[in-house]
1. Within region 200-222, can you find the residues that are touching a Phe, Trp or Tyr at 6+ places or on another chain (Cβ under 8 Å) and assigned to a loop (DSSP other than H, G, I, E, B)?
2. Got a sec? Which of LYS191, LYS113 is basic (Lys, Arg), part of a helix (DSSP H, G or I) and under 48 Å from the mean Cα position of the chain (by Cα)?
3. Is one or more of the residues making up region 79-86 hydrophobic (A, V, I, L, M, F, W, C) and either surrounded by fewer than 10 Cβ atoms within 10 Å (Cβ to Cβ) or part of a helix (DSSP H, G or I) (or both)?
4. Does VAL66 satisfy the condition of being in contact with a helix residue (DSSP H, G or I) (Cβ under 8 Å, 6 or more places away or on another chain) and either within 16 Å of the ligand (Cβ to nearest atom) or outside the structural domain of ILE176 (by the TED database) (or both)?
5. Kindly list, by first and then second residue, each pair from a residue in region 183-207 that is without any contact (Cβ under 8 Å) to a residue 24 or more places away in the chain and closer than 24 Å to VAL305 by Cβ to a residue that is surrounded by 14 or more Cβ atoms within 10 Å (Cβ to Cβ) and hydroxyl-bearing (Ser, Thr, Tyr), limited to pairs with Cβ atoms under 9 Å and residues at least 6 apart or on different chains.
6. Of the residues that sit in region 27-42 and are within 9 Å of the ligand (Cβ to nearest atom) and free of Cβ contacts under 8 Å to residues at least 12 places away in the same chain, which one is nearest to LEU62 (Cα to Cα)?
7. Those residues that are at pLDDT 85 or above and more than 30 Å from THR318 (Cβ to Cβ), I need them from region 273-307; list them, please.
8. Of all residues in region 43-63, count the ones that are within 12 Å of the ligand (Cβ to nearest atom) and either outside any helix (DSSP H, G or I) or in contact (Cβ under 8 Å) with a residue 40 or more places away in the chain (or both).
Amino acid sequence: MEDDDKWLLAIDLFDEPKAEASSVEKQVPCKFSVFGCQFKGVKGTREMREHMRSKSPQHITLLHQVVKLQDIKIKQQHETIAKHERYVKHVSQVIKEYKEQFDEQRKQVNSQKTMLKDIQHDLTKLRVTSRKQNKNLSETIEELSEKFDQFLLDYSISKADADLKVSARYGEHLWIIRNYSRRLRRIKLGKSDDPIRSDPFYTASPGYRLCIWVYLNGRGKSLGSAISVYGKVMAGDFDPIMSWPIRPQFTFTLYEQNRAASDRKDIVRRRRVHEIKRDHDEKNSITRVNGGIPRPLGDDRSIIVGFDNFVTHEELHTCGFLKSDNIFLKVEVEINV
Ligand SMILES: [Zn+2]
């Protein structure tokens, strides 16, 4: 501004009369122009001093108005601040509420977590209990099924025995061994004894009393792989009037089933008591000493005569000897005194 003033002053010096120029150039606004006074005059002149003196009340009024405006503005600002404060307070309240809600939710989540844990624990317990119960139940079922098996077996044996009584003849005995597979399974599981024994039969009347012993799971070297078959002399009603010792000859026949008699390839094996080897069996030495089988004493100790490897399990299954789980085994006995 001062540069411009100098420049303007320079123009005045050359272009305008000096007196006129100075009165225009030095005019400045009244000090109260910022508060609204419109007066302009030359600085330091009498006119200016007169203005300042005479317009003092107006200046004060202007000042007062400005102060009043400022006051209003301040009041407005206070209101705005109060409004902001209220807003901040409201927001804080909302935040507080949110926080409470959040805390509540977190509490709920935690309690749900605990509940879930409890449920999991209960479930695990339940699972263990149920497993135990299942085990007990299956054991009971197993037991019952075994009992039922045994019942069926007993029933079929007694039925077979009844059949045999009809078909039995002196000196021979046809034995239908039913439920072969179930019997063998039970024997292998150690739930049934081997051998199984046929009904007794007589060779004549009067005659000798005998029966058949069958080891379904084999005996001696054939254990687990073949069926062993033996004849056995038992204590009988006529023993006191019979001749002793005896040398029986046993003929065992395993029938091939479901074939015409002419086409059948039965297994027929014969054994006489003196054919038994004597080297390893103490009872055989009794036979040798006595020249045959002595009169039985009513216990099971009399010797058995037959075959350890009468038929292998494999042969039995593949050659038609086993049908409907039944085996037909016949023994014929000739007694030599
Ligand atoms: Zn003024």
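The values are calculated or read from the model by the stated rules, or taken from the named source; none is laboratory data. None of the values given here were measured: they were computed from a predicted structure. Positions of Cβ are generated from backbone atoms using ideal geometry, with glycine treated the same way; all protein chains shown enter the neighbour counts.
1. Passing the criteria: THR203, ALA204, SER205, PRO206, GLY207, TYR208, LEU216.
2. After ruling out the rest, the residue left standing is LYS113.
3. yes
4. When the stated conditions are applied, VAL66 passes them.
5. ILE196/TYR215
6. So, considering only residues that are within 9 Å of the ligand (Cβ to nearest atom) and free of Cβ contacts under 8 Å to residues at least 12 places away in the same chain, the one nearest to LEU62 (Cα to Cα) is SER33.
7. Within region 273-307, the first condition is being at pLDDT 85 or above, and the residues that meet it are 293-296, 304-307.
Within region 273-307, ILE293, PRO294, ARG295, PRO296 meet the criteria.
8. Step one: list which residues in region 43-63 are within 12 Å of the ligand (Cβ to nearest atom), which gives 47-63.
Okay, now just the ones that are also either outside any helix (DSSP H, G or I) or in contact (Cβ under 8 Å) with a residue 40 or more places away in the chain (or both), so 55.
So the count comes out to 1.
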